[in-house]
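Down below is the structure, laid out as structure tokens.
The values are calculated or read from the model by the stated rules, or taken from the named source; none is laboratory data. In this text the structure is predicted, and so the values were computed from the model without any measurement. A quick note on method: Cβ atoms are made from the backbone with ideal geometry, for glycine too, and the neighbour counts reach across all protein chains shown. Note: accessible area is taken over every heavy atom of the protein model, side chains too, but ligands, DNA and RNA are not part of it. Shrake-Rupley method; radii C 1.70, N 1.55, O 1.52, S 1.80 Å.
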Amino acid sequence: MGAPLILVVEDEEKIKEMVASYLAGEGFQVKTATTGPEALQILEGHNFDLVVLDWMLPGLSGLEVCKQVRQKSDIPIIMLTAKSEEVDKLLGLELGADDYITKPFSLRELVARIKVVLRRSKAKDAYRHEELTLGDLYINFTTREVRVEGREIELTPTEFALLSVMARHPGRVFTRMQLLDLALGEAFLGYERSVDTHISNLRKKIEKNPANPQYILTVYGVGYKFRPR
């Protein structure tokens, strides 16, 4: 198996080249794009393992690129953003990004985040023929296949990681910090609010009525749990 292939989408030439060079030095294969349309075109022709995507791109924004990618693929996406407001970060997560990192950022931190996201994206390889059926919900932990009433549901790597942790321990109550640690990795500690956004996205995809969920239940004042069998 070759080195992971990363697409870096950044319109600032110096930042793009700096990130691409550093990632290459860390053993990744790297391709770059400067605009949203260019990124979408390149993604059509290659099998990337992860996208590092700038928020503020000319013409077609990084958020719109993320939205279009999510309509076709669950490839992991890390957003680069100069926006520091929490609402902006959560908007990126709502559109399907797996994580964000705010400029200016440490290249070492970016690599650490990439490795964490790739690790949980490929976590399915550690499982052996495990599956769960509960009501209308079917989960195959080996193939990452999720179905509701027989209809296949596309989840991002982050969403599947969270679902897997909870579904493997039905009835157990997880705090947000525990979910971050177990599902997303140590590099994500401190981003408790992002769990709420991912859980909201999950509910929209697997629950008949997200406002009255039957699978992912809120334990008020504590966190979340998966419906007991």
Ile15: net charge of surrounding residues, Cβ under 11 Å, Lys/Arg +1, Asp/Glu -1, itself excluded? -3
Tell me what the chain gives for mean residue ellipticity at 222 nm when only DSSP H runs of n ≥ 4 count, each as -39,500 (n - 2.57), the sum divided by the residue total, rounded to 500 deg cm²/dmol. -11500 deg cm²/dmol
How large a share of the accessible area of the chain, in percent, is made up of carbon and sulfur atoms when the probe is 1.4 Å and the other protein chains stay in place? 49 percent
Non-local amide H neighbours of Leu60 (under 5 Å, H modeled in plane, Pro and chain starts lacking H): which ones? Gly36
In debye, nearest 20, what is the charge dipole magnitude of the chain about its Cα centre with +1 on Lys and Arg Cβ and -1 on Asp and Glu Cβ, if you could check? 860 debye
